[in-house]
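The values are calculated or read from the model by the stated rules, or taken from the named source; none is laboratory data. Here the structure is a predicted model, which means the values were calculated and not measured. Neighbour counts are summed over all protein chains in view; Cβ atoms, including those assigned to glycine, are modelled from backbone coordinates with ideal geometry. These accessible areas exclude ligands, DNA and RNA; they are computed on the full protein's heavy atoms, side chains included. Shrake-Rupley method; radii C 1.70, N 1.55, O 1.52, S 1.80 Å.
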Amino acid sequence: MKWLRITTALTGIAACGFMLAQVAPHAREAGAILAAQDDPAVLSELKLDALLRQNDHLVQDNIEAALAAGDADLADSFVALARDRNIALPDDLLGRVNDAVKAESSTSHFAKRFATGLVTGNADDVASLSGTVAGDLFVIGDIRDVVREGKHLAMGEDTDRLVLGLAAAGLAVTAATYVSVGGAAPVRAGLTLVKDARKVGRLGEGLAVWAGRSAREVVDTPALWRNAVVSGSVLRPGETVSAIKAAFRAEKAGALVRLGKDVTRVAEKTGTRGAMDTLRIAEGPKDVARAARLAEAQGGKTRAIMKLLGRGALLLIGGAFNLALWLLSAALTLFGLLSSIKATTERLTQAWCDRKRARRLRRARIAAEAALANAAVTA
């Protein structure tokens, strides 16, 4: 029975040790991810490690898909990611990416996209954004948006209050841009990007709800209708801008201005399309602020990272419970291992003590028997 108990304890050590060896890597990864949940740069690196281990051709496949979709910028972002991760890519694929990037950066392509952004007010790359911002800086684009949406609102028609609020905020920032000789231009560009993302349906639902609520607070609707919409026109920009600024509540625009700054920080590191990707997956201004931190840390790789991880590149979503289970499993397995070691140690010690006591008793018995034998001989 004694040796059965020792064998059982040793079996527990072996079983718990094997289980711990299986669980420990997952628990270590889970602990690292939970510790990095407030640092999007570190969090994205850890998630990328796990994702790329599962598929060796993931980066190459995404480059092919980006080229097929005509998105040279995204393909180049994946090349940067491959270079950082020491992932080998075929020379012909690298050549195709370089050719696509050069074609997209050509003077003729830039001029065409600039004109498109200037005329339509929609942007999906650096060139078209430059045209859109140029139009907004000359107040034409914002006046057009305010007058159009303001009339929809006054007539009881469907109104995009977010575009209305962003256009009004943009006009106020544009005035600050001129006064500060470009000092407020980054905010202007960020607000334009948010407005354009809204127009083309690339603004995340959660962020759109938040921004729409914020936009309602910055526009005095009655004053806007009375002073700007009724008589507003792109043909009288000075008069219209003054009327719109009068209906703009600057004291309530802080949140929108911060959003514009964060969007610009993303665009500076990842380009216009990277900022658009961020606005598409963001559920609120905190997500955009996290994306700005990620972009500043990862640079040109950011688009590829967000393409692979989605909103999971910015924060820990949906997996906290599973990660906690890995840690709990590791803790329970470790507790079982330590308990088995303790039981084995106690049982081996008890066996050793019992054996030593038995040997001592046996020697005492032999000595007693010898003494009795000597006494009998003497008698």
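Checking the structure you have, find out if any residue of the range 289-297 is small (Gly, Ala, Ser), closer than 19 Å to Gly206 by Cα, modelled with pLDDT of 90 or more and open to solvent by 10 Å² or more (accessible area, probe 1.4 Å). Yes - at least one qualifying residue is present in the range 289-297.
Condition test on Asp76, is it within 22 Å of Ser44 (Cβ to Cβ), open to solvent by 50 Å² or more (accessible area, probe 1.4 Å) and either in contact with a Gly (Cβ under 9 Å, 6 or more places away or on another chain) or modelled with pLDDT under 90 (or both)? In short, yes.
Results for (1) modelled with pLDDT under 85; (2) open to solvent by less than 60 Å² (accessible area, probe 1.4 Å), shown as yes or no for each residue.
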residue: Leu48; (1), (2): no, yes
residue: Leu52; (1), (2): no, yes
residue: Asp56; (1), (2): yes, no
residue: Ala72; (1), (2): no, yes
residue: Leu81; (1), (2): no, yes
residue: Asn86; (1), (2): no, no
residue: Asp99; (1), (2): no, no
residue: Glu104; (1), (2): yes, yes
residue: Ser108; (1), (2): yes, no
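Give me the residue from the range 88-97 that is hydrophobic (A, V, I, L, M, F, W, C) and over 23 Å from Ala267 (Cβ atoms) and, out of that set, most open to solvent (accessible area, probe 1.4 Å). Even if it seems obvious, please write down each step before you answer.
Within the range 88-97, the first condition is being hydrophobic (A, V, I, L, M, F, W, C), and the residues that meet it are 88-89, 93-94, 97.
Next, from what is left, pick out any that are over 23 Å from Ala267 (Cβ atoms): 88-89, 93-94.
On the way: Ala88: 90, Leu89: 29, Leu93: 3, Leu94: 57 Å².
Within the range 88-97, the match that is most open to solvent (accessible area, probe 1.4 Å) is Ala88.
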